[in-house]
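Below is one structure; the comments refer to it alone.
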Amino acid sequence: MRAIPYAVIGVLALALAGAVAAQGASDMSGMSMSSAAAAKHGQGKGVVKAIDTKAGTLTIQHGPIAAVSWPAMTMTFKAKPATLLKGLKVGQTIAFDCTVQGMKAEITAIRPN
Ligand SMILES: [Cu+2]
């Protein structure tokens with residue numbers, strides 16, 4: 001019965017590859033954030049640089065956000081809900097609320113500024 005051990009190794013290799021891929025997907029380079037599990041809430045102002053309605057994300061060049069210990073940077077947020085992206089235009093200046101949990105950053109409100 002030599003086939004069984006090989007099958008087990010194959011499954012383990014797939015599981016490991018999946019775990020590595022999942023970690024890579026949430027990586028945000030250039031960010032200094034704690035990995036604490038508690039969600040932090042902040043408010044920022046910035047300029048819309050890109051909008052991806054398919055992915056439900058927007059890229060903002062934002063100023064410092066003290067509440068989440070961020071310096072000014074350009075980054076991509078998930079919009080929650082994605083309908084927040086409706087009517088937004090690249091180049092528009094906005095104020096926004098964001099929730100940060102570990103490596104996850106979501107925008108929960110957008111106001112014209
Ligand atoms: Cu940022």
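The values are calculated or read from the model by the stated rules, or taken from the named source; none is laboratory data. Note that this is a predicted model, so its numbers are computed, not measured. Positions of Cβ are backbone-derived with ideal geometry, glycine not excepted, and every protein chain shown enters the neighbour counts.
Here are a few things to note about the model shown:
- Filtered by the rule that a residue be more than 14 Å from HIS62 (Cα to Cα), assigned to a loop (DSSP other than H, G, I, E, B), away from the ligand (no atom under 12 Å from the Cβ) and of a type outside the set (Gly, Ala, Ser), the stretch 87-105 gives LEU88, LYS89.
- Qualifying residue in the stretch 79-86 (condition: at pLDDT 55 or above, assigned to a strand (DSSP E or B) and either in contact with a strand residue (DSSP E or B) (Cβ under 7 Å, 6 or more places away or on another chain) or not charged (D, E, K, R) (or both)): yes
- Of note, VAL48 does not satisfy the criterion of being closer than 19 Å to ASN113 by Cβ and at pLDDT below 95.
- When ALA55, ALA67 are screened for being under 14 Å from the mean Cα position of the chain (by Cα) and outside any strand (DSSP E or B), only ALA55 passes.
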